[in-house]
Amino acid sequence: MPEFFSGSLRCDLCPRRCDISEGKSGRCGVRQNRGGEPFLPRYGFITAMAMDPIEKKPLYHFRPGSSILSIGFSGCNLHCPFCQNWRISQNSEAPGRVMNTDEIINTVLGSGNLQIAYTYSEPLIHIEFLLDCMKKAREAGIANVLVTNGCINTEAAEKILALTDAANIDLKCFSEKTYAEILGGNLQTVLDFIRLAHKTKVHVEVTTLVVPGLNDSEAELDGCADFIAGLGPPEIPWHLTAYHPDYRWKAPPTDPAALMDAAHRARQKLKYVYTGNIGLTRF
Ligand code: SF4
Ligand code: SF4
């Protein structure tokens, strides 16, 4: 059985551990069972490609001022009802085209910036393609940047983080219940991923989209800040970003003043706290 699958036929990549029936997909929509074998119809299928400022990932402490070729895929193992990229993350049939790893590496080399971001939807559900592409990138002297929900199991996390130079990892809240019942994820898995990335000496920054009524209580944001602070040096930057109504979540946007208050409070525990999605203002 190929890596990350077991039994007949279970995907072990993320905590959902989907048992996938013949002809069906797992919950992410992109990992399938065909004839009892794993089938990855979206291997190398790119739905978005753009040259972005690295601060847009957001990464503020990794090669600041540079640009980065960013590629996106389709599908996600989580189903956040406020997803701001839902057109590709919640659509395993999102349009795009297949690119092979050489094509991607050559595009990065031609861009003049030796770095690539795997981003936009959830890249880790395409781990087989990522490992192939990231190995070639390393050989070519290209830095690998992950923008991820961090919700994969340890064995897979170790493999991917060994090839990762920098990562922005979502810490969406500090509640197991919210992760499980609203997002479809697992808090402990994400905490383990962040801890492992930091221990592996990946440059880590963490992002929390502050969604009113979901994760904006003092207790919950303090829980996130305490966890990040507890990882110790080097100190991890934390991005608190404003939510805007999107997809299935229609509550009013995050109040900028409340976001500033949350950042102010977080700075009592953390050295680097940034606000985002409220214009270009940083406090
Ligand atoms: S990666 Fe996809 S198929 Fe695998 S366990 Fe997670 S949701 Fe299921
Ligand atoms: S993890 Fe990210 S891409 Fe996936 S549904 Fe949630 S917000 Fe969207």
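Throughout, read-outs are computed from the coordinates displayed, never taken from laboratory work. Source: prediction; values computed, not measured. All Cβ positions, even for glycine, are placed from backbone atoms using ideal geometry, and neighbour counts span all protein chains on display.
Annotation for region 79-118 versus region 143-162: alpha-carbon center distance of 16 Å.
The calculated Kirkwood hydrodynamic radius for region 21-154 is 15.4 Å, given to one decimal from all distinct C-alpha pairs. For region 153-283, the antiparallel share of DSSP beta bridges with both residues in that region comes to about 5%.
Only Lys, Arg, Asp and Glu carry charge here, each on its Cβ (+1 for the first two, -1 for the last two); on that basis region 1-58 has a dipole of about 180 debye about its Cα centre.
Which value, in debye to the nearest 20, gives the size of the charge dipole of region 225-283 about its Cα centre, when Lys and Arg are +1 and Asp and Glu are -1 at the Cβ? Intermediate values should be presented prior to the final figure.
On the way: 7 positive and 5 negative charges, 4 e Å.
Value, rounded to 20: 20 debye.
If R0 is 30 Å, the Cβ-Cβ spacing of MET49 and GLU235 corresponds to a FRET efficiency of close to 0.40. Residues whose amide H comes within less than 5 Å of that of ASN33, counting only those at least five positions distant or on another chain, are GLY23, LYS24, PHE39 (H built at 1.01 Å from N in the peptide plane). Projecting the Cα atoms of THR101, GLY26, PRO256 onto the dipole axis of the chain, where Lys and Arg carry +1 and Asp and Glu carry -1 at the beta carbon, places THR101 farthest toward the positive end. Computed over the chain, relative contact order equals 14 percent, with contacts defined as Cα pairs under 8 Å that lie 6+ residues apart.
Helix content alone sets the calculated 222 nm mean residue ellipticity of the chain: runs of n ≥ 4 DSSP H residues at -39500 (n - 2.57) each, divided across all residues, give -7500 deg cm²/dmol.
How much length, in nm to one decimal, is gained on full extension between GLN188 and ASP222, taken as 0.36 nm per residue of separation minus their Cα-Cα distance? Mind showing how you got there, number by number?
Values: separation 34, 0.36 × 34 = 12.24 nm, distance 1.65 nm.
Result for the pair: 10.6 nm of gain on full extension.
Each label point was placed 7 Å from the Cα along the Cα-to-Cβ direction; for ARG248 and LEU196 their separation is 2.8 nm.
Tally the DSSP beta bridges in the chain and give the antiparallel ones as a percent, rounded to 5.
Working: 16 of 43 bridges.
Antiparallel: roughly 35 percent of the beta bridges in the chain.
Taking Cα centre as origin and charging only the Cβ of basic (Lys, Arg, +1) and acidic (Asp, Glu, -1) residues, the dipole magnitude of the chain rounds to 200 debye. In terms of surrounding Cβ atoms within a 10 Å radius of their Cβ, HIS239, HIS79 rank from fewest to most as HIS79, HIS239.
In plain terms, the chain from ASP102 to GLN84 could stretch by 3.5 nm, reckoned as 0.36 nm per residue minus the Cα-Cα distance. Here each label is just a point 7 Å from Cα along the line to Cβ, and for LEU163 and ARG267 those points are 4.0 nm apart. Look at GLU205, GLU55 and count the other Cβ atoms within 10 Å of each Cβ; fewest to most, that gives GLU55, GLU205. Pick from GLY185, GLY35, GLY26: which is most flexible by mean-square fluctuation in a GNM of the chain where alpha carbon atoms under 10 Å apart are linked? Most flexible of the set in this elastic network: GLY35.
Think of region 25-134 as having a plus end and a minus end, set by charges on the Cβ of Lys, Arg, Asp and Glu; of ILE46, HIS61, ILE88, ILE88 sits farthest toward the positive end of this dipole.
Residue by residue, region 67-77 carries 3J(HN,Hα) couplings of 10, 9, 5, 10, 10, x, 10, 9, x, 7, 7 Hz when phi is fed to the Karplus relation 6.51 cos²θ - 1.76 cosθ + 1.60 (θ = phi - 60°); x denotes Gly or Pro.
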